[in-house]
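The values are calculated or read from the model by the stated rules, or taken from the named source; none is laboratory data. Keep in mind that this is a model prediction, so the values were computed, not measured. In this analysis, Cβ positions are derived from the backbone assuming ideal geometry, glycine residues included, and neighbour counts consider all displayed protein chains. Accessible surface areas use protein heavy atoms only, side chains included; no ligands, DNA or RNA. Shrake-Rupley method; radii C 1.70, N 1.55, O 1.52, S 1.80 Å.
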Amino acid sequence: MPITTNDHLLANLRVVLVQTYHPGNIGAAARAMRTMGITALHLINPRDFPAEEASRMAAGAGELLKRAQVHDSLQAAVGDCTMVIGASARLRERALPCFEEGDEMGQAAMHAALHGPVALVFGRERFGLTNEELDHCTHQLRLPTDPSYGILNLAQAVQIACYELRNAWRRGNGDRDPERMGEMQGGEPRPSRAQLQYFDELLVELLRPTGFLNQPHAKTQEKLRAIIRRSEPSKRELSMLTGMIKALAGK
């Protein structure tokens, strides 16, 4: 049965699985996505794909697997996204803007999907996403599991997150309630992940000769990146910041 979606917001959502080890987990995740109407699956260096086990676990979501895109880096999979949400239970020293509640994540993702693709990123079965991979994300998602045993398998995590996305879509746009649709409209377009990365690289290029980034153990570059992510600038605001630092540098 061909995959269809009746709303461009759902079509703007993608699930990204990083270096999945067991192909059955890819199929189970695809099935979880399909039940919520989210059909764009991206895979980063899966160990075994395509695979019979993935197709078996996908059940009725086989078409989704056939359309899955495989990339050799996370950057390639999310570079065009306006929001990249990394699912991780770990606390970080320089935390990204973090969603502690699934419904808050869903609402924010739906708003961002008005302006471009949104990615939900899940890491490896055994140890999740690395800090370097979280650096490619604009936000973090920490599902409120029991502190004594907060271990979700990959398909479970995908199912919960996709459920929250669909609920936000249904309440804000899918039910066609004019008042709720109005709440989601508005706001300026967000920059893509590639545009944020360009700003990061430009800032480092202009600051490095000044010695500002060279203080031992200060981790200044990482802290500056975290400040920009937390501020969540619009595309126009990021363009203004880019022009400002170029002007200050005489470029």
Of the accessible area of the chain, computed with a 1.4 Å probe and all protein chains kept, carbon and sulfur make up a percent value of 52 percent
CD proxy, 222 nm, the chain: helix-only mean residue ellipticity via -39,500 (n - 2.57) per DSSP H run with n ≥ 4, per residue, nearest 500, stands at -13000 deg cm²/dmol
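Could the peptides 50-58, 35-43, 106-114, 81-89 be put in order, highest first, of the mean number of other beta-carbon atoms found within 10 Å of their residues?
Working: 50-58: 18.2, 35-43: 20.9, 106-114: 22.8, 81-89: 25.2.
Averaged packing, sorted descending, gives the order 81-89, 106-114, 35-43, 50-58.
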Relative to the chain, whose Cα atoms define the longest principal axis, helix 154-169 and its Cα axis are tilted in degrees, nearest 10, by 80 degrees
Close lysine pairs (the chain; alpha-carbon distance under 24 Å; 8 or more apart or on separate chains) counted at 5
Restricted to the chain, the DSSP antiparallel beta bridge percent, nearest 5, is 5 percent
Given a 1.4 Å probe, the accessible area of segment 194-251 per residue, as a whole number of Å², is 66 Å²
Mean Cβ-within-10 Å packing, highest first, puts peptides 67-73, 121-127 in the order 121-127, 67-73
All alpha-carbon distances of the chain, grouped into 10 Å bins from 0, give the whole-percent distribution 7, 30, 34, 20, 8, 1
Charge dipole of the chain built from unit charges on the beta carbon (Lys, Arg +1; Asp, Glu -1), centred at mean Cα; most positive-end Cα among 62, 75, 23 is 75
Note: residue 232 to residue 208 extended length (0.36 nm per residue) minus current alpha-carbon separation gives 6.2 nm
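Just the number please: accessible area per residue for segment 1-143, 1.4 Å probe, all protein chains included, in Å².
43 Å²
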About its Cα centre, segment 75-176 carries a charge dipole, from +1 on Lys and Arg Cβ atoms and -1 on Asp and Glu Cβ atoms, whose size in debye to the nearest 20 is 160 debye
